Each structure stands twice: as structure tokens, then as C-alpha cells.
Amino acid sequence: EDLTKQLEELKNELSSLRVTKVTGGAASKLSKIKVVRKNIARVLTVINETQKGALRQHYETMKYAPIDLRQKKTRAIRRRLTKFEAEKVTSRVAKNQALFPLRRYAVKA
């Protein structure tokens, strides 16, 4: 609520500055337009980040989350097998591993 109030004030200030620009205001007023615009962007960034953070926390315990809240990474990494899937072995391979374990040799140093 505090940020939204601040946002409204900044937008009102920006509109009044634009009016002074049209009516031929002072140069100091014209240079202030950029500063106000950047401040509006900062406030909006904080609002959006807090909203996104709250949504992330909400979906943290759930199995699926909206696409924009998931980790971006790269397409290849997202398509890659999970650790669990990569470690799975077929019954034939499991039998082979049990019957023929990896031999360890004691080597003199």
C-alpha cells in the first residue's frame, strides 16, 4: 500500500512535469522528467519482485509451478535426464553388476 501510494505520487508528478514541458517550463523541470521516470521504474520493480517472491513461496511445496516461476537454465539442461533417471539401471545390468563387481587391486607405492 505504501509503494502504491508512492507510485501514484510519482505518476502525478510526472504528468505535471509533462504539462510544464508543453507550456514551456524551466530547464530544471525538464531534466527532472528522466529522474521521475526512473523512480517510477524502481518502485514498479520492487512491487513486481515482492509479488513474484510471494508466488514462488506459495508454489514451493507444490509439484508444479507456473512456467515463469520455474528455473530458466538452458533448454538442454531442462530436457536432460534427472539424477534419479540417470542412475536407474535395467535388471540385466543390475544382475551383471552383482555377478561381476569391479575388481580392486592393492598397488604398492
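The values are calculated or read from the model by the stated rules, or taken from the named source; none is laboratory data. Computed from a prediction, not measured in an experiment: that's the story for all the values here. Backbone-built Cβ (ideal geometry, glycine too); neighbour counts: all protein chains shown. Please note that ligands, DNA and RNA were not included when accessible areas were found on the heavy atoms of the full protein model with its side chains. Shrake-Rupley method; radii C 1.70, N 1.55, O 1.52, S 1.80 Å.
Note on the stretch 16-92: enclosed helices (runs of 4 or more DSSP H) holding 1 or more residues that are surrounded by 10 or more Cβ atoms within 10 Å (Cβ to Cβ) are 27-59, 75-79. If the condition is being at pLDDT 95 or above and among the small types (Gly, Ala, Ser), then the stretch 31-45 contributes only Ala41.
Considering the stretch 1-30 alone, what residues qualify as being at pLDDT 90 or above and among the small types (Gly, Ala, Ser)? Hits for the stretch 1-30 are Ser15, Ser16. Here the condition is being farther than 27 Å from Leu14 by Cα and not basic (Lys, Arg); of Gly25, Gly53, it holds for Gly53 alone. Among residues of the stretch 28-47 that are over 15 Å from Arg18 (Cβ atoms), those with a Cβ under 8 angstrom from a residue that is open to solvent by 50 Å² or more (accessible area, probe 1.4 Å) and assigned to a helix (DSSP H, G or I), sequence gap 6+ or separate chain, pair up as Val43/Leu3; Val43/Gln6; Val46/Leu3; Ile47/Leu3; Ile47/Thr4.
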